[in-house]
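*Asks:* First the structure, then my questions, so here it is.
The values are calculated or read from the model by the stated rules, or taken from the named source; none is laboratory data. Keep in mind that this is a model prediction, so the values were computed, not measured. Note that each Cβ is placed from the backbone with ideal geometry, even for glycine, and that neighbours are counted across all protein chains shown.
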Amino acid sequence: MPVLIPQDIRDLIMEEIIQIMDEPTIRNCALASRSFTNRCQKHLFKSVTLDIGNKDRYVGFQRILSSDPRIALYIRELSLCDEYYAIAEHGKPYHVLAGITASEYTNYAVKSTLPTMLKLLTRLESFNLELGYHFKSGIGWNSLPKDVTNAFIELAAWKTIKAFSLHSVLGFPSSCLTDLVYKIEQLTLRDVILEDQSSQSFSSFWNLHTSSSKIKSLSLSGDYSTCADVIYQVILRSPFSNLNSISISPPQSDNQLTIDAWEIVRASASTITHFAWMPIRYTLTELHTGPINLRILRNLRSLKFLIGLESGNPFGGVFQLLRQLSEHHPTVEKIIFKCESLVGDLIKYDEDWRYMDELLMKPGYRRLRQVLIVLKEPQSSDCQSRTSINSIFPVCRAKGIEFHCVSVDLM
């Protein structure tokens, strides 16, 4: 005779599985019993990454929404990317939405149904659009169908949307970026180039808004030269700034991008609590930090740095910035070092880590409570590697500062 498990016990079991993010088990539970289905679906469909270049997957997702409209209400985060691409007769890749080559191929299913599908996601909170995956120069905004771009713009105006990300987009309308800075709390831009606009046109955009910018978190990466000035002008014209977190990832050879981004930081210096310096793939022997002066950030609570061990002097820029605060009024409580390296490469820099350990004992870091190293691989179970990692920051640890080495970037 089968044993019936009380519903409250089943709920506790599901809660535990969801807490540990065990996706395979959650999927199996969704198929095993109808009593689990609804709870599992809410978790499984909370975040969706949809490859718009893969017609079969896209159509399959459409069928899911059609067969059960409740699924659309579970989706909080949507990422549209184009990792899959088709090859035209002349051997070149082409984009399924933009149709940037002479090929006659068009993915009508995606073009015609994408705007309708987006309207179904009425509880969406985060939207990520990543185009040009196979095109280094990015995809032109005006090369996309008008109803598709209109759908993206309308989506940004929804009251539920808090986070908006754009990747590899050329000719993005300046007016749309202005609206995003005023309306969105978390904005991420990577290799986004704005359309050409005169200063008079910019003035007309700003005059449409009388409230303050809502942006709280900003991430700028790659070529963001045209975007930085618009964001700076919006924040400058706002009665007050809400920006409290900013991440800057300029290419190694473009100091002007650092200068442009730092103007945004200066305009929000009194409100910023988190600053990230994440230069892209630098290989120079010396990385210049340009105009960055962390001493102006009087409410700074956390720092994050990218340490590229492929560089001849991977810690140079990081040391420059940390020394700025060494004798400053202490405010920093947490520092994250993201290392694009393997464990074996990390432990080769014993002298640098020792200097870092001493530097963090300066008066400017008296409030430091946690140091985190993020690796691109799980911690090695090798005894020697584990011992070497655990030997980092001995002075900090002796002072009671928490130290963790993880493989998942949580910030």
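*Asks:* Give me the pairs, please: first residue somewhere in segment 386-398 and in the same structural domain as residue 357 (by TED's automatic domain parsing) and within 16 Å of residue 348 (Cα to Cα), second residue anywhere and surrounded by 13 or more Cβ atoms within 10 Å (Cβ to Cβ) and modelled with pLDDT under 85, beta-carbon distance under 6 Å, and either six or more positions apart or on two chains.
*Replies:* Final answer for the pair search is 388/347; 389/405.
*Asks:* Next question. Could you name every one of the helices (runs of 4 or more DSSP H) located completely within segment 30-147 that has at least 3 residues being more than 30 Å from residue 5 (Cβ to Cβ) and modelled with pLDDT of 85 or more? Give the steps one after another, and end with the answer.
*Replies:* On the way: elements: 34-44, 55-67, 70-74, 108-120.
Hits in segment 30-147: 55-67, 108-120.
*Asks:* Return the total of residues in segment 141-184 being under 20 Å from the mean Cα position of the chain (by Cα) and of a type in the set (S, T, N, Q).
*Replies:* So the answer is 4.
*Asks:* Okay, moving on. Which is in contact with a His (Cβ under 8 Å, 6 or more places away or on another chain) and either at pLDDT 85 or above or not basic (Lys, Arg) (or both), of 207, 244? Working first, answer last.
*Replies:* Details: 207 fails: in contact with a His (Cβ under 8 Å, 6 or more places away or on another chain).
Unique residue meeting the criteria: 244.
*Asks:* Restricting the search to segment 181-196, which residues are within 15 Å of residue 167 (Cβ to Cβ) and either modelled with pLDDT under 95 or in contact with a helix residue (DSSP H, G or I) (Cβ under 7 Å, 6 or more places away or on another chain) (or both)? Full working, then the answer.
*Replies:* Within segment 181-196, the subset within 15 Å of residue 167 (Cβ to Cβ) is 186-194.
187, 189, 190, 191, 192, 193, 194, listed by residue number.
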